[in-house]
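We did not get these values from a lab; they are worked out from the coordinates using the rules stated. On a predicted model such as this, the values are computed, not experimentally measured, just so you know. With ideal geometry, Cβ positions are generated from the backbone for all residues, glycine too; neighbour counts draw on all protein chains shown.
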Amino acid sequence: MLNPRYAFISASLKGEESKTVTSEHIDKMMAASNLQDALAIIRETDVGSYLEGLPVKTFDDLDQCLWSYLAQRIQYVESFKFLPKDIRKLSRAYVVKYDVANIKAALQGIAIGKKASMIPVGTIHNNGLLDELSKAENVDDLIQLLTKCKLGDYVPALEQYKIDKGAKSKLLVEAKLDGEYYKNMLNMARRIRNGSVLSQAFGLIIDLTNLQIAMRAIIEGIGTDATEFIIAGGYRITDKAIKELLTLKITDMPTKLEDAQYQDIANEVSTNYDKTKSITAVDEIIGKHKFRMLKEMLSPRVLSPLVMAWYLILKEIEIRNLRLVLKAIVDGVSVQEIKNYLVF
């Protein structure tokens with residue numbers, strides 16, 4: 001039986017897709033000589049309309065506005081009176097990724113004795129404690145704040161950092177924070193409607209993140225030293241299989257992957273790196289394939305929480321592309337130079 005609540009939210013979010021910034025908008029923005037001309041090109045989009053009435057003078061202003069826009073869209077969806085509980089549950093769990101990013105920034109701020117820059121999205125932000133997080137002076141401050149925001153699952157990783165504050169320890173803590181986030185997302189997916197598909201989607205993200213970690217580690221010559229950074233819970237590649245890949249050369253990796261799509265991705269990265277010798281090829285290529293595969297998996301899904309998962313991913317990519325293009329314009333960098341980083 002058709003659930004009218006899912007029908008309404010599906011129609012609403014799918015309708016929003018037509019108001020997002022497209023590759024055609026980006027192509028036109030690349031010819032803009034200044035920030036105002038670039039923003040005028042996206043005036044008819046939802047984000048362009050949002051930015052039009054704001055006092056944006058610098059990229060830092062714009063950056064905060066773009067993140068605030070994302071937070072506003074999430075809050076807008078969550079404010080629907082008859083929003084299905086599973087959609088709200090997915091949304092609340094998903095945005096913790098920004099809490100993780102902000103915790104990492106806070107750790108960096110503590111390490112260098114400087115107030116950290118925060119993304120105004122996530123549970124900590126929603127609790128009005130983001131400024132307090134940015135001013136944290138030590139790990140105990142972070143732990144108290146996370147406990148206050150009911151993010152206690154992330155405390156054990158920070159407890160470990162209190163014992164060993166070396167550079168490698170910081171990287172391990174960041175990996176543990178990421179691992180905890182994905183574990184929580186997979187646990188959440190098991191408890192909601194169409195959760196099996198969502199579990200596959202997040203398993204795919206873990207797969208490609210691990211593949212990214214492995215390929216970068218091999219290129220950088222650290223190989224098996226990256227074992228501790230691998231995230232458990234992959235969909236098609238077990239963490240054990242990923243760790244075995246760390247012993248290979250990058251040219252040998254494609255043949256060792258069982259999944260045909262992953263073979264193609266690894267081969268594309270290997271070929272591109274061989275030509276350019278640029279490690280950024282790893283992030284560029286895997287990022288584009290990640291978006292494509294998630295789009296194929298989630299975009300057609302309606303009348304389920306998956307419509308919210310796809311909406312969040314789509315809006316994130318929109319913000320990411322805009323930040324890259326507008327930053328290039330402000331800095332006077334040829335937008336063509338960052339074209340390979342854009343994802344559509």
(message) Explain nothing, just the number: relative contact order of the stretch 195-300, from Cα pairs under 8 Å at least 6 residues apart, as a whole percent.
(response) 27 percent
(message) Can you compute the FRET efficiency between Lys104 and Arg292 using 1/(1 + (r/R0)^6), with r the Cβ-Cβ distance and R0 = 25 Å? Round to the nearest 0.05.
(response) 0.40
(message) Using the crude model of +1 on Lys and Arg Cβ and -1 on Asp and Glu Cβ, and no other charge, please compute the dipole size for the chain relative to its Cα centre, in debye to 20.
(response) 900 debye
(message) Which GluC sites (Glu not before Pro) in the stretch 198-257 sit in a loop by DSSP (not H, G, I, E or B) and have at most 15 other Cβ atoms within 10 Å of their own Cβ?
(response) Glu220
(request) Mind jotting down the three principal axis lengths of the stretch 195-300 based on Cα atoms? Whole angstrom, largest first. (result) 38, 27, 20
(request) Would you mind telling me which residue in Leu54, Leu13, Leu208 has the biggest mean-square fluctuation in a Gaussian network model of the chain, where springs connect alpha carbons within a distance under 10 angstrom? (result) Leu54
(message) Could you list Cys65, Cys149 so that the one with the fewest beta carbons within 10 Å of its beta carbon is first and the one with the most is last?
(response) Cys65, Cys149
(request) Let me have the 222 nm mean residue ellipticity of the chain computed from DSSP H runs of 4+ only, each contributing -39500 (n - 2.57), with the sum over all residues rounded to the nearest 500. (result) -21000 deg cm²/dmol
(message) Is the C-alpha gyration tensor of the stretch 93-185 telling us rounded, prolate or oblate? Criteria: a/c under 1.5 is rounded; beyond that, a/b larger than b/c is prolate, otherwise oblate.
(response) oblate
(message) Taking 8 Å as the Cα distance limit and 6 or more residues as the minimum spacing, I'd like the relative contact order of the chain as a percentage.
(response) 20 percent
(request) Would you please give the FRET efficiency between Asp131 and Val333, computed as 1/(1 + (r/R0)^6) with r the Cβ-Cβ distance and R0 = 41 Å, to the nearest 0.05? (result) 0.85
(request) Using only the alpha-carbon atoms of the stretch 1-157, report the extent along each of the three principal axes, biggest first, to the nearest angstrom. (result) 53, 47, 23
(message) Of the candidates Lys150, Lys19, Lys104, which one comes out as most mobile in a Gaussian network treatment of the chain with C-alpha springs shorter than 10 Å?
(response) Lys150
(request) For the chain, with a Gaussian network of springs between Cα atoms less than 10 Å apart, report the residue from Lys256, Lys243, Lys97 with the top mean-square fluctuation. (result) Lys256
(request) Give me the number: length gained by fully extending Glu16 to Gln263, i.e. 0.36 nm times residue separation minus the C-alpha to C-alpha distance, one decimal in nm. (result) 85.5 nm
(message) Starting from the Kirkwood Rh over alpha-carbon pairs, what translational D in µm² s⁻¹ does the chain have by Stokes-Einstein at 37 °C and 0.692 mPa s?
(response) 153 µm²/s
(message) Taking 8 Å as the Cα distance limit and 6 or more residues as the minimum spacing, I'd like the relative contact order of the stretch 93-185 as a percentage.
(response) 28 percent
(message) Going 7 Å from the Cα of Thr224 along its beta-carbon direction, which residues of the stretch 248-288 have the amide nitrogen within less than 15 Å of the resulting point?
(response) 248-249
(request) Among the chymotrypsin sites (Phe, Trp or Tyr not before Pro) in the stretch 17-94, which ones are in a DSSP loop with at most 10 other Cβ atoms within 10 Å of the Cβ? Mind listing them? (result) Phe82
